[in-house]
Structure formats: C-alpha cells, structure tokens
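Before any comments, here is the structure.
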Amino acid sequence: LAERDRYGRVVVIAGARRRADFLYAEQLAAWQSDARLELHQIVDIPIQGWPGETGFVTEPLRRLSLQPDNTTAFLCGPEPMMRFSAEVLLAKGLAAEHIRVSLERNMQCGIGWCGHCQLGPLLLCRDGPVVGYDVAAPVLQVEEL
C-alpha cells in the first residue's frame with residue numbers, strides 16, 4: 001500500500017479455517033478500515049460473533065466484478081485452494097498468465113541442482129516460487145505431486 005496510487009482497485013480476500021488461524025491478523029484489522037482497498041475475510045468454521053463471511057475464498061471471488069484485461073491476481077495458500085481460485089478467475093476471463101501463484105517447496109541449494117524444490121518440470125528456487133498459472137496449471141492438476 002506504500003504506492004497505492006499506482007494501481008486501480010485493490011481487493012484482498014483472506015481466508016482461514018478459523019478466525020484464530022488468520023496470519024497477519026493485526027494487519028488485516030488495519031486494512032479493514034482502509035478505504036484504499038476492499039477486504040474480504042472468510043472462514044470455513046465460524047464462531048459466535050464472527051463479523052466476516054463463512055465459506056471458501058472462491059465464494060467472494062465469484063461475486064467480484066473484474067476487468068479481465070486490467071486485472072492481475074496473486075494467489076497464496078494451499079495448492080487446491082489456489083487451483084480452484086484460479087479456475088474461478090479463468091471463468092471470469094482472466095488470462096492464465098495474469099494469475100500468479102506462490103508455490104512452496106523445501107529449497108536447499110538455491111540454484112536448481114539438488115532437486116528438493118522440484119515440482120514437475122519446475123525448479124522453484126530457479127523458476128519461482130511465484131509463477132504464472134499458465135506455467136503452474138499442468139503440475140497443479142496432478143494430485144500429490
């Protein structure tokens with residue numbers, strides 16, 4: 001948000017299983033009252049008094065109106081969540097290369113020699129860990145890869 005004026009609409013969708021599971025809870029609380037962005041917080045398991053949404057992160061994604069030619073999405077989280085979220089965004093007309101996914105693996109050498117970070121044909125220490133969905137989609141479709 002330091003250079004917020006360089007961008008159009010900014011939407012953050014943060015999901016967690018329970019309210020206590022949110023990472024960066026203090027930052028999310030500060031963003032809740034920041035008019036420069038649109039924040040959706042959603043949990044799978046609500047508790048009494050939860051003011052946010054209940055369900056999966058794909059639900060607020062489905063409701064968003066987007067300008068596909070002027071939108072870039074950044075997805076971070078469990079790979080199934082990123083895959084389903086990317087499918088929603090693709091259905092809304094976003095190009096796969098405008099959907100960026102963060103792929104986490106155990107990185108050892110950092111130069112692509114040891115193979116610890118291998119995900120299909122990708123060596124994430126060299127090729128990522130943030131890559132376009134056009135690159136990631138084939139490997140994210142394979143269970144347990």
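The values are calculated or read from the model by the stated rules, or taken from the named source; none is laboratory data. These figures come from a predicted structure and were not determined experimentally. Neighbour counts are summed over all protein chains in view; Cβ atoms, including those assigned to glycine, are modelled from backbone coordinates with ideal geometry.
To keep it simple, each residue is scored yes or no on (1) modelled with pLDDT under 95; (2) more than 24 Å from Ala14 (Cα to Cα); (3) not hydroxyl-bearing (Ser, Thr, Tyr).
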residue	(1), (2), (3)
Asn70	yes, no, yes
Phe74	no, no, yes
Gly77	yes, no, yes
Val101	no, no, yes
Gly120	yes, yes, yes
Leu123	yes, yes, yes
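No other residue among Pro60, Pro80 is within 24 Å of Val139 (Cα to Cα) and within 15 Å of the chain's Cα centre (by Cα) apart from Pro80. Contact annotation: residue pairs with Cβ atoms under 8 Å, 6 or more positions apart or on different chains, pairing a residue in the range 1-29 that is touching a residue at least 60 places away in the same chain (Cβ under 8 Å) and within 15 Å of Val43 (Cα to Cα) with a partner that is of a type in the set (S, T, N, Q) and surrounded by 11 or more Cβ atoms within 10 Å (Cβ to Cβ), are Gly15/Gln41. Specify the residue that is nearest to the chain's Cα centre (by Cα); the eligible residues are those in the range 99-119 that are surrounded by fewer than 19 Cβ atoms within 10 Å (Cβ to Cβ) and under 30 Å from Leu64 (Cβ atoms). The selected residue is Ser102.
Could you say which residue among Arg100, Arg62 is outside any helix (DSSP H, G or I) and farther than 17 Å from Ala20 by Cα? Steps first, please.
Values: Arg62 fails: outside any helix (DSSP H, G or I).
Answer to the check: Arg100.
If only one of Leu64, Leu94 is among the hydrophobic types (A, V, I, L, M, F, W, C) and buried (at least 19 other Cβ atoms within 10 Å of the Cβ), which one is it? The conditions single out Leu94.
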